[in-house]
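Here's the structure, in structure tokens; my notes come after.
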Amino acid sequence: MSLLTVGTVAFDKLESPFGKTDKILGGAATYIGMASSLLGVDTAIVSVVGGDFPQEYIDLLLSKGINLDGMEIVKEGKTFFWEGKYHNDLNTRDTLATELNVLETFNPVVPQDRKSPNVLMLGNLHPLVQKGVLTQLDQRPGLVVLDTMNFWMDCAWNELMDVIKEVDVISINDEEARQMSGEYSLVKAAKKIMTLGPKTVIIKKGEHGALLFQGEQVFFAPALPLEDVFDPTGAGDTFAGGFSGYLAKTNDFSFENMKRAIVYGSALASVTCEKFGTESLQDLDREGLIHRLRKFHELMDFSINL
């Protein structure tokens, strides 16, 4: 089973109360791809980088089994760069620099042998770019998942509404859900968003877990309480990669299986937060993932007499 993801492969420069980095590997598609590949899913990335993108990062992604045929290298250009500083609570951050570079003129091209994926994960990019990938596919995937953010709600609302009509699942955080719907209650927000197109809505609440809505059904997965949180960068994208990757692996898009996918996504996201950038994902193996899933099972498991 296969997963195709479109998104950024980038440089990040990070600072938190626990330290700081120089330019390191980042980007939504990077986290999504590394998370899904850990599940043994045939994963391909559609993205763009500049000539400054080091071969060691390319080798790293390839070593994880990620197909990069759809990653354009603009040799005379520079890779997308983001710099941020997190506050003490790690829930808020300041963006210190954003350099679009080659992303500014990115026109995704899906390789011919990747035009029929089981699952399409549309990472956080301009809605026109997301729509452009959809129009290139030979057939509609079994599941289309979309991630977006408030920036696109502010500057590309009509285009966002156009692409949302064509997706099955949307993944956004609580602030974005409220902005998109105009509702403060997340239950009402999810119901209103479902009228825009998606049958399923995921609302991420950071350290407070994630909600899954489909029709009248609701599921909640907590976030794993961590003793050390160094860097939440990429946690949401890792979550999306775990969620979409699990569904691609199992080829089961039922609500019951989406519950399991939410837990897989949450488990992988919790790993990401424990070190800077993708370092934790690079070091994670199957045994480590199973250990983390057991922790989630212990956290959520209980019995009650009714």
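Brief remarks follow.
- ³J(HN,Hα) computed for each position of the stretch 210-219 - Karplus, 6.51 cos²θ - 1.76 cosθ + 1.60, integer Hz, glycine/proline x: 9, 10, 10, 10, 8, x, 9, 8, 9, 9
- Segments 261-273, 231-243, 123-135, 153-165 sorted - mean Cβ within 10 Å per residue, highest first: 231-243, 261-273, 123-135, 153-165
- Sequentially through the stretch 156-168, phi angles give Karplus couplings (6.51, -1.76, 1.60; θ = phi - 60°) of 9, 4, 4, 5, 5, 4, 5, 6, 4, 4, 9, 10, 9 Hz, Gly and Pro residues having no value and appearing as x.
- Each pair of Cα atoms in the stretch 175-271 enters the Kirkwood radius, and Stokes-Einstein at 10 °C and 1.306 mPa s then converts it into a translational diffusion coefficient of 115 µm²/s.
- Under 5 Å, built H, 5+ apart or other chain: amide partners of GLY209: ALA223
- 13 Å beta-carbon shell around SER47, net charge (K/R +1, D/E -1): -2
- The fraction of Cα-Cα pairs per 10 angstrom bin, counted from 0 for the stretch 115-177, comes to 23, 57, 18, 2 percent, rounded to whole percents.
- The slack between LEU306 and MET1, meaning 0.36 nm per residue of separation minus the straight C-alpha distance, is 105.7 nm.
- The shape of the chain can be summarised by an equivalent ellipsoid whose semi-axes, obtained from the alpha carbon gyration tensor, come to 26, 23, 20 Å from longest to shortest.
- Principal axis dimensions, the stretch 1-146 - Cα atoms, whole angstrom, descending: 46, 34, 30
Just so you know, all these numbers are worked out from the coordinates, no wet-lab data involved. In this text, all values refer to a predicted model and were calculated from it rather than measured experimentally. All Cβ positions, glycine included, derive from the backbone under ideal geometry; neighbour counts span all protein chains shown.
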